Amino acid sequence: MVAAGDRLRYKIYPELDAGLSYAATYAAVEVVFADGTRLDGARDQYGQPADAAGQGAAKILYADQWNDVQIDLTAAAGRTIAELVLVVDAPDAGHEFAGWIDDVEVGPAPPEPDGSDLAAYVDTRRGTNASHDFSRGNTLPITAWPNGFNFLTPVTNASTHRWPYEYHRANNADNRPELQGLTFSHQPSPWMGDRDQLTIMPVAAAEPLGDPAERAAAFSHDDEIARPDVYAVRLANGVHAELAPTDHGAIFRFTFPADAPGRHLVFDTIDENGAFEYDGNALTGWVENGSEFGRTRMYCYGLFSTAPAAFGAAHGGRANARAASFGVPDVTLRIATSFIGVDQARHNLALELEGRTFDEIRAAANAIWNERLQVIRPEGATPPQLRTVYGNLYRLNLYPNSHFENAGTPDVPDYRYASPVLPTEGTATARETNAVVKPGKMYVNSGFWDTYRTAWPAYALFYPSLTAEFVDGFVQQYRDGGWIARWSSPGYADCMTGTSSDVSFADAYLKDVALPDPLATYDAGLRNATVAPAATEVGRKGVETGFFAGYVSTDTEESVSWSLEAYLNDFGLAAMATRLAADPSVPAERRAELLEEAEYLRRRSLNYVLLFDKSVNFFQGRRPDGTFAKSPADFDPEEWGGDFTETDGWNFAFHVAHDPRGLANLYGGPRGLGAKLDAFFSTPELAVKKGTYSIVIHEMVEAQAVRMGQFGFSNQPAHHIAWMYNYAGTPSKTQAIVREVLDRLYVGEQIGQGYPGDEDNGEMSAWYLFAALGLYPLRVGAPEYAIGSPLFPRAVVAPLGGRPFTITAANPEHPYVQELQVDGKQLPVASITHADLTAATQLDFTLGAEPSDWATLELPPALTTGDAVASPLVDLIPTDPDNPLFDDTSATEATVDQAVEWSLAAPAAPTLYTLTSGSAAGPSSWRLEASTDGTTWTVLDERADQSFRWPRQLRPFTIKNPGQYQHYRLTTATPTTLAQLELLH
C-alpha cells in the first residue's frame, strides 16, 4: 500500500536506434493499482509527464545513457499497487527499440534539506558519471576550501592524473567500485590533467599494502558523504574514513575495525616521483608529477594524533610508497601542503590546523561555503532545481585557485608564491622548491576559452570584491612571465584559442569591479592584442600576419576560431581603454595613448566581416592570399574541425556576440538573422562528419544528444546562440529555447550526471545560474545583460559585498515574457545594464503560455546601430613581399635611416597608422608627412618621447587632420628598426 511520501524510482537506459527515431526514449515504468487503474497525470522529478509517451515527447531521457526517473506517489496514498509494467509508447510504429531497466523500487523518499545549511544541497559527485567518450560533467567529487590551494578527492585509480574517480567503471569481480585512496589534487580538467597528487589510503590488512589494486577496498555511494565541507566513506572492510578541508591542508579521521588484522596509512603518489619520511614527530615529504604546465614540487607536513608504531616502506606497489602502522583503532592526521617547502608546509599547518578539532575545521569550511552559496536564494524551486543551483554555485566557487601562502601571521600576513610561469632555478630538494618564490598573491586554474563566457561575468556579478583579487592574481602572471596564461594549469599551456582573459578582465572592470591595478590589467591584454609571441604557449597564434591581414589565415590551425575570438577580445579591450582614458588618475600622456588604442581596437573588432563568405552564407577560413579556403561546392557547415575549434561552421555562424546587430546585417537584417537561427535549430547534428578529426570526438556525440538541431550546447561555443534571437526581434524564441535547456539538459544530478557536457571551471554551471535568473552576459565586454525569462517565482540575489535585488516571475511555469518592470518602470527592451541591475531593488516579470510582442519593437544595444554591414580596417599600402616594412608580417624588419617614402596607387585619406617595432627598441620620435605631388609635404602627425613596451609591438596612432594624399613619408630622428608600417582607413 502506498504511503504519503513514497516514490517510484527506476533507472532506464534507452538505446539509440540506427534510424535516430529515439523510439526507446518513449518508455516508462508505470504503476498499475489493484483496481486496474493507473496513476494519471503523474510527473517525474523534473516536472515532465511520467508516462511513456510523455517521457519521450519531453525528450527528458538521454539515449545511450542511464537515466534516473523518480515519481512522487503521494497522490496515490492508501492505494495498493498490483504491478509495475514497462510501457513503450513511441508515436510511430515500425521502429525497433531496445534498452535496459534497473534499480526499480517503491518506497519512502529521503528527506530534503530544510534550507538552513545550503551546503547540504551540494553533492560533489555531480558530473563524475562521465568519461572521455561521453561527458556529463567530467568532474571530480572535490571537497575543498572555496578557491582553495588544494582539492581533496577520493580516487578509484591512484595511478592516473586524468580520470582518477570512476565509480561507474572498472569495478571488481563483484561489480563493485573500489577506493584506492584519498588524494590531494589540483586538477582543473581531466583534459589538462592533475598534478602533484598525494594519496593517503587506510589499509586494514595484516601488511601495509602499497600496490593500489591490492590495497583497494570496495565501497558504495550509499556509504559516502560527498559534500564541499566534508567527505566520508565507510568501506566494505569496515574502515571509516573522513576528511575536512582547509585552504592549504586537511584533517583526516580514520576509524579501523576492532578486529582488523592491521591498521595502516599508506602514503603514495601516482608514480616514483615522490618521497615520504617520518622523523618521530612529523610526516614530511614531496611529490612532483602529472601535468607539466608550470608544475613545481609540492611539499607536505603532517602530524598524527598517535605516534605510529612503525613507519617504513609499504609492501608492494611503488618503491617510494610509505606506510605508518598504528596500534590503536582511531587515528587523526593533520596535514598541510606547500609549493615553497617543508618549513612553509609546517607553517601552513600551524596557521590552519593546529589545535583545532575535526568538527571545528569542518564547521569553518561549512561556514565559508554557506557564505558563498547564499548569493542566490530561490523560492518556489523544486528539489532538483535547488540541487542544481547550489551544485552550480559550488562548481563556480571551486575555481580559480589560490597559489599563494602566508609566510607571516593571520594579523600580519606575508603572502608568497612559487611562480609557475617563471623558469625554475637550480634543483629542487627534499625540503625546498627550485621555483622562484615571489611576494604577493597569484591565482591559477582557469581555461579562459571556456570561462570568459559566463564564469567570469558571474564572479563580477555575485562576488565583485573577490573578483578583484582573482583578476590581479592572474595579472601577477603577466608581471612575472610577461603574459597571462590562455589556459592556466597552472602555468602556460599551448591549449585552446583566444586570449580571453582580455575580455574577461575588461568586463569586470567595466562592471565596476575595483581592480587593484587596472592599467596593468589592460596592459596584459594589450600585449596579447599587439605583439606576436615567440612561444606558442602564450598570446595569439597567427598574428604575425593576422594583425595586418585583419584575420588569421589558414596557415594557422583553427584560424576562424582564432580570428573571431580575437575580435571579441579586441572589443573588450577597446571599451576598457576608453574608460581608462577618462580616469584622471591615469597620467595624461597615457590617456591620449589609450584613446588611440581604443579607436584602433574597436575598429579592428569589426573585422569579422572579412571572414564572412557571402557565397556560402557562413564564416570560413581564408588562405594567406586572401581567397576563401573552400569553394561553395566543397564547404560543408556540418563538418567538424579544420578552421573551427571543437565544433563546425554552424556553431560559429553566430560567433559575433559583441556586435549581434552587425552580424544580423551580414544575414540581411534581423529577419535574416532569425531565419539563420531557425535553420540552425532545425538542422540535425548526426555526429558523422568528423572533418579533420581522426575520430568522432566526444563533443560530436554530446551535441547530437542535445537533440536541438545543430545547437551543440554541450560545448561552450554554442552557449550564447539562443540569446541571439533577441537581436532578430523574436525574444520569445530565446525564452523558449533557454527554458528547454534548463528543463532538459541539467538532469541526472543524483546519479553523478547533471551536465550535458564538460563542466569547465564553473562555466557550464554559471550558464544555468544566469539563465535561471532570466539574465545572460551575451556581450561580454559590455556592462549589460541580455534578458530571458526566470525559472523561479522569486529569487533573491545577494552579491557578496554588494546590495541585494529580487527577481520575481508571475506564472513561472510558462517561459514567455509578457511584461518586465524594473522598480515599477516598464523595460521594453531585452537588455539591462549592469548599473541598472545592481541599482534596482526588484525586477518583476509577468510570464505567459504564448509569445507576446514584448521587446520586439526595439533591439538591444550593439556596436553596429544601423542596417549597413560594418566596415573593416583597410591598409591603404599595397602588400610588397620584397619590402620588410610593407610585407604584412612582423616576422621581418628593416632599418629606417631617417626617412622612408612610399606612394599609393591613388590619393586616399587614412585616419590611423600603425608602427610595429622590430626586435630592438622602437623609434622614440618621428614625423609622418604627406604630399599630393611628391614635392611639397604636409605634416600629418608628429610624435616625440614615445616608447614601445615590447619588441615587435604594433602601436596605432590617430591622424587628426586627414586629407587626400598619394605620397607619404616617415622621418625618424635617428636610425631605427621597424617591422611593419600601415596606413589605415
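The values are calculated or read from the model by the stated rules, or taken from the named source; none is laboratory data. Everything numeric in this text was worked out from a predicted model, so none of it was measured. In this analysis, Cβ positions are derived from the backbone assuming ideal geometry, glycine residues included, and neighbour counts consider all displayed protein chains.
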Fill in the blank from the handout: Scanning region 939-978 for residues that are of a type in the set (D, E, K, R) and part of a strand (DSSP E or B), the one surrounded by the fewest Cβ atoms within 10 Å (Cβ to Cβ) turns out to be E942
Exercise for the section: Show the residue pairs that are 6+ apart or on different chains and have beta-carbon atoms under 6 Å apart, the first residue being within region 927-953 and free of Cβ contacts under 8 Å to residues at least 60 places away in the same chain, the second being aromatic (F, W, Y) and part of a loop (DSSP other than H, G, I, E, B). Expected result: E929/W937; S931/W937
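Do we find that D229 is touching a Gly at 6+ places or on another chain (Cβ under 6 Å), within 30 Å of R372 (Cβ to Cβ) and surrounded by 17 or more Cβ atoms within 10 Å (Cβ to Cβ) in this structure?
Working: touching a Gly at 6+ places or on another chain (Cβ under 6 Å): no; within 30 Å of R372 (Cβ to Cβ): yes; surrounded by 17 or more Cβ atoms within 10 Å (Cβ to Cβ): yes.
No, not satisfied.
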Practice task
Just one of (1) more than 32 Å from the chain's Cα centre (by Cα); (2) part of a loop (DSSP other than H, G, I, E, B); (3) not basic (K, R) trips up D643, so point out which.
Solution key: (1)
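Check whether at least one residue in region 353-372 is in contact with a Phe, Trp or Tyr (Cβ under 6 Å, 6 or more places away or on another chain), assigned to a loop (DSSP other than H, G, I, E, B) and touching a residue at least 12 places away in the same chain (Cβ under 8 Å), and report yes or no.
Pass one, region 353-372, residues in contact with a Phe, Trp or Tyr (Cβ under 6 Å, 6 or more places away or on another chain): none.
No, every residue in region 353-372 fails to be in contact with a Phe, Trp or Tyr (Cβ under 6 Å, 6 or more places away or on another chain), assigned to a loop (DSSP other than H, G, I, E, B) and touching a residue at least 12 places away in the same chain (Cβ under 8 Å).
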Problem - Complete set of residues in region 497-533 that are in contact with a Ser or Thr (Cβ under 7 Å, 6 or more places away or on another chain) and over 24 Å from R949 (Cα atoms) - result: T497, A508, V513
Practice task
Check every one of the helices (runs of 4 or more DSSP H) wholly within region 688-797 and list those with 1 or more residues that are in contact with a helix residue (DSSP H, G or I) (Cβ under 7 Å, 6 or more places away or on another chain).
Solution key: 731-744, 763-772
Completion exercise
Residue pairs within 7 Å by beta carbon, gap of at least six or interchain, first lying in region 716-739 and touching a residue at least 24 places away in the same chain (Cβ under 8 Å), second buried (at least 24 other Cβ atoms within 10 Å of the Cβ) and among the basic types (K, R), listed first then second, are Q716/R453; H719/R453; H720/R453
Practice task
Test each condition in (1) closer than 16 Å to F219 by Cα; (2) in contact with a His (Cβ under 8 Å, 6 or more places away or on another chain); (3) hydroxyl-bearing (S, T, Y) for S135 and report the one that comes out false.
Solution key: (1)
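Just to verify a result, which residue in region 465-499, among those that are hydroxyl-bearing (S, T, Y) and assigned to a helix (DSSP H, G or I), is surrounded by the most Cβ atoms within 10 Å (Cβ to Cβ)?
We begin by selecting, within region 465-499, every residue hydroxyl-bearing (S, T, Y); these are 465, 467, 478, 488-489, 492, 497, 499.
Retained after the next criterion (residues that are assigned to a helix (DSSP H, G or I)): 465, 467, 478.
Numbers: S465: 12, T467: 27, Y478: 21.
Among residues in region 465-499 that are hydroxyl-bearing (S, T, Y) and assigned to a helix (DSSP H, G or I), the one surrounded by the most Cβ atoms within 10 Å (Cβ to Cβ) is T467.
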Completion exercise
Of those in region 381-428 that are in contact with a Gly (Cβ under 6 Å, 6 or more places away or on another chain) and either surrounded by 23 or more Cβ atoms within 10 Å (Cβ to Cβ) or among the small types (G, A, S) (or both), the residue nearest to T128 (Cα to Cα) is R395
Exercise for the section: May I ask you to list the residues in region 384-428 that are within 27 Å of N366 (Cβ to Cβ), within 23 Å of the chain's Cα centre (by Cα), assigned to a loop (DSSP other than H, G, I, E, B) and not aromatic (F, W, Y)? Expected result: P400, H403
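So which of A577, A598, A566 is under 23 Å from the mean Cα position of the chain (by Cα) and either in the same structural domain as T521 (by TED's automatic domain parsing) or small (G, A, S) (or both)?
Details: A577 fails: under 23 Å from the mean Cα position of the chain (by Cα); A598 fails: under 23 Å from the mean Cα position of the chain (by Cα).
It is A566.
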Practice task
Return a yes/no flag: does region 520-535 have any residue that is of a type in the set (D, E), touching a helix residue (DSSP H, G or I) at 6+ places or on another chain (Cβ under 7 Å) and farther than 28 Å from G641 by Cα.
Solution key: no
Exercise for the section: Could you grab me the full set of residues in region 171-191 that are surrounded by 24 or more Cβ atoms within 10 Å (Cβ to Cβ) and over 20 Å from I335 (Cα atoms)? Expected result: L179, P188
Exercise for the section: May I ask you to verify whether L673 is among the hydrophobic types (A, V, I, L, M, F, W, C) and surrounded by fewer than 24 Cβ atoms within 10 Å (Cβ to Cβ)? Expected result: no
Problem - Condition check for G56: in the same structural domain as P91 (by TED's automatic domain parsing), within 33 Å of the chain's Cα centre (by Cα) and in a loop (DSSP other than H, G, I, E, B) - result: no
Handout entry: Close pairs (8 angstrom Cβ cut-off, 6 or more residues apart or separate chains): surrounded by 24 or more Cβ atoms within 10 Å (Cβ to Cβ) and modelled with pLDDT under 95 in region 697-714, in a helix (DSSP H, G or I) and not aromatic (F, W, Y) anywhere
Key = none
Practice task
Could you list all residues from region 257-277 that are more than 21 Å from A236 (Cα to Cα), not aliphatic (A, V, I, L, M) and not in a loop (DSSP other than H, G, I, E, B)?
Solution key: D268, G274, F276, E277
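On the given criteria, is A506 in a helix (DSSP H, G or I), of a type in the set (A, V, I, L, M, F, W, C) and assigned by TED's automatic domain parsing to the domain that holds V552? Can you show your working first?
Values: in a helix (DSSP H, G or I): yes; of a type in the set (A, V, I, L, M, F, W, C): yes; assigned by TED's automatic domain parsing to the domain that holds V552: yes.
Taking the combined requirement at face value, the residue satisfies it.
Conditions tested, residue by residue: (1) surrounded by 22 or more Cβ atoms within 10 Å (Cβ to Cβ); (2) among the basic types (K, R); (3) over 19 Å from A336 (Cα atoms); (4) touching a Cys at 6+ places or on another chain (Cβ under 7 Å).
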{"residue": "R136", "(1), (2), (3), (4)": "yes, yes, yes, no"}
{"residue": "A144", "(1), (2), (3), (4)": "yes, no, no, no"}
{"residue": "V155", "(1), (2), (3), (4)": "yes, no, yes, no"}
{"residue": "T160", "(1), (2), (3), (4)": "no, no, yes, no"}
{"residue": "R169", "(1), (2), (3), (4)": "no, yes, yes, no"}
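Which members of region 683-722 meet the condition of being of a type in the set (S, T, Y) and more than 15 Å from G642 (Cβ to Cβ)?
First, the residues of region 683-722 that are of a type in the set (S, T, Y): 683, 692-694, 714.
T683, S714, listed by residue number.
If you go through region 354-380 one residue at a time, how many are of a type in the set (A, V, I, L, M) and buried (at least 21 other Cβ atoms within 10 Å of the Cβ)? Walk me through how you get there before you give the answer.
Taking region 354-380 and keeping what is of a type in the set (A, V, I, L, M), we get 361, 363-365, 367-368, 373, 375-376.
This time we only want the ones that are buried (at least 21 other Cβ atoms within 10 Å of the Cβ), so: 361, 365, 373, 375-376.
Total meeting the criteria: 5.
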Problem - Inter-residue pairs, beta-carbon under 6 Å, first part of a loop (DSSP other than H, G, I, E, B) and in region 864-880, second surrounded by 12 or more Cβ atoms within 10 Å (Cβ to Cβ) and among the acidic types (D, E), 6+ apart - result: T864/D659; T879/D888
Handout entry: Number of positions in region 519-552 that are free of Cβ contacts under 8 Å to residues at least 40 places away in the same chain, part of a loop (DSSP other than H, G, I, E, B) and either of a type outside the set (V, I, T) or touching a His at 6+ places or on another chain (Cβ under 6 Å) (or both)
Key = 2
Handout entry: Pair list, Cβ under 7 Å, 6 or more apart: region 148-173 residue under 30 Å from N348 (Cα atoms), other residue charged (D, E, K, R) and not in a loop (DSSP other than H, G, I, E, B)
Key = T156/E178; A158/D268; H161/R195
Problem - Every residue from region 800-820 that is closer than 30 Å to S465 by Cβ and touching a strand residue (DSSP E or B) at 6+ places or on another chain (Cβ under 9 Å) - result: P804, F805, T806, I807, T808, A809, L820
Fill in the blank from the handout: Counting only residues that are outside any loop (DSSP other than H, G, I, E, B) and either under 33 Å from the mean Cα position of the chain (by Cα) or not β-branched (V, I, T) (or both), region 101-134 contains a total of 9
